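Q: The following block contains the structure, expressed as structure tokens.
The values are calculated or read from the model by the stated rules, or taken from the named source; none is laboratory data. For clarity, every value in this text was computed on a predicted model and none was experimentally measured. Note: ideal-geometry Cβ built from the backbone for every residue, glycine included; neighbour counts use all protein chains shown.
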Amino acid sequence: MKNRLPLFLAFAVLVSCQTAQEEFIGDRLLEICNDSYMLCNFPTGCVLNGNHYVKGSFPGVRRVVVESDERDAEFSVRLFLKNMKGSGTEMLVQLYEPDCTVNTVEGRLHLEDVDIFDEAGDDHTLMFELGVEGEGEHVLEIYSDASTEYLLIAELK
């Protein structure tokens, strides 16, 4: 038993030493997200759920579809930033209702004149909570003028 204890402790330390990116991803699988799924007259890359994440880069716009099976749902949208080169000054995150409108109070967050790298903090993570009123498919749209790669998770709360 004495010989196994150091080995067990070494294994426990290795298992607990996850990177911030590994912690962010958890047990989710990468969704390639290269499809041509049209919703609200926008091309989107895929339907994203809480079991998957997607990779991308800014500057630019990313659109994915998220689904809600209930009215008055809230989504948690998280971005893990990596290879951060230029923080930019703007970020827009919004959820379109199934009728293709945006609830500007609960479904939109617009950051202006803000360093998103500072907002992300030491863990390089941005988190937003957005609400929708209709059940069904919603376009999640994220824009930033920053120069960075990211991992994106969007899931129902």
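Q: May I ask you to list the residues in the range 29-48 that are of a type outside the set (V, I, T) and surrounded by fewer than 16 Cβ atoms within 10 Å (Cβ to Cβ)?
A: Here is the first cut: in the range 29-48, the ones of a type outside the set (V, I, T) are 29-31, 33-43, 45-46, 48.
Result: L29, L30, N34, D35, S36, M38, N41, F42, P43.
Q: Here's another thing I want to ask about it. Would you tally the residues in the range 73-110 being in contact with a Phe, Trp or Tyr (Cβ under 7 Å, 6 or more places away or on another chain) and free of Cβ contacts under 8 Å to residues at least 40 places away in the same chain?
A: Residues flagged as in contact with a Phe, Trp or Tyr (Cβ under 7 Å, 6 or more places away or on another chain) and free of Cβ contacts under 8 Å to residues at least 40 places away in the same chain within the range 73-110 amount to 2.
Q: Taking the condition modelled with pLDDT under 95, in a strand (DSSP E or B) and more than 22 Å from E22 (Cβ to Cβ), does P43 pass? It would help to see each step written out before you state the result.
A: Values: modelled with pLDDT under 95: yes; in a strand (DSSP E or B): yes; more than 22 Å from E22 (Cβ to Cβ): yes.
Against the criterion (modelled with pLDDT under 95, in a strand (DSSP E or B) and more than 22 Å from E22 (Cβ to Cβ)), P43 qualifies.
Q: Of these, V54, V102, V13, which one is under 18 Å from the mean Cα position of the chain (by Cα) and either surrounded by fewer than 19 Cβ atoms within 10 Å (Cβ to Cβ) or at pLDDT 95 or above (or both)? I'd like the intermediate steps shown before the answer.
A: Details: V102 fails: under 18 Å from the mean Cα position of the chain (by Cα); V13 fails: under 18 Å from the mean Cα position of the chain (by Cα).
Being under 18 Å from the mean Cα position of the chain (by Cα) and either surrounded by fewer than 19 Cβ atoms within 10 Å (Cβ to Cβ) or at pLDDT 95 or above (or both) holds for just one of V54, V102, V13, which is V54.
Q: Which count do you get for residues in the range 69-96 that are polar (S, T, N, Q), crowded, with 18+ Cβ neighbours inside 10 Å and part of a strand (DSSP E or B)?
A: Narrowing the range 69-96 to residues polar (S, T, N, Q): 76, 83, 87, 89, 94.
Now drop any that are not crowded, with 18+ Cβ neighbours inside 10 Å, which leaves 87, 94.
Checking which are part of a strand (DSSP E or B) leaves us with 94.
Counting residues in the range 69-96 that are polar (S, T, N, Q), crowded, with 18+ Cβ neighbours inside 10 Å and part of a strand (DSSP E or B) gives 1.
Q: Let me ask you something else. Can you tell which of L79, L126 is touching a helix residue (DSSP H, G or I) at 6+ places or on another chain (Cβ under 6 Å), over 19 Å from Y37 (Cα atoms) and modelled with pLDDT of 95 or more?
A: Answer to the check: L126.
Q: Another question about this same structure. Any residue at all in the range 121-128 that's more than 20 Å from V54 (Cα to Cα), touching a strand residue (DSSP E or B) at 6+ places or on another chain (Cβ under 9 Å), assigned to a loop (DSSP other than H, G, I, E, B) and not basic (K, R)?
A: First pass over the range 121-128, keeping only residues more than 20 Å from V54 (Cα to Cα): 121-122.
The next check asks that each one be touching a strand residue (DSSP E or B) at 6+ places or on another chain (Cβ under 9 Å); those that pass are none.
So far as the range 121-128 goes, no, none of its residues is more than 20 Å from V54 (Cα to Cα), touching a strand residue (DSSP E or B) at 6+ places or on another chain (Cβ under 9 Å), assigned to a loop (DSSP other than H, G, I, E, B) and not basic (K, R).
This table checks each residue for (1) in contact with a Cys (Cβ under 9 Å, 6 or more places away or on another chain); (2) of a type in the set (S, T, N, Q); (3) farther than 24 Å from V47 by Cα.
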| position | (1), (2), (3) |
| --- | --- |
| L79 | no, no, no |
| S87 | no, yes, yes |
| C100 | yes, no, no |
| F117 | no, no, yes |
| G121 | no, no, yes |
| T125 | no, yes, no |
| F128 | no, no, no |
| E133 | no, no, no |
| I142 | no, no, no |
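Q: Just to verify a result, which residue in the range 105-117, among those that are closer than 30 Å to A73 by Cβ and not hydrophobic (A, V, I, L, M, F, W, C), is surrounded by the fewest Cβ atoms within 10 Å (Cβ to Cβ)?
A: E112
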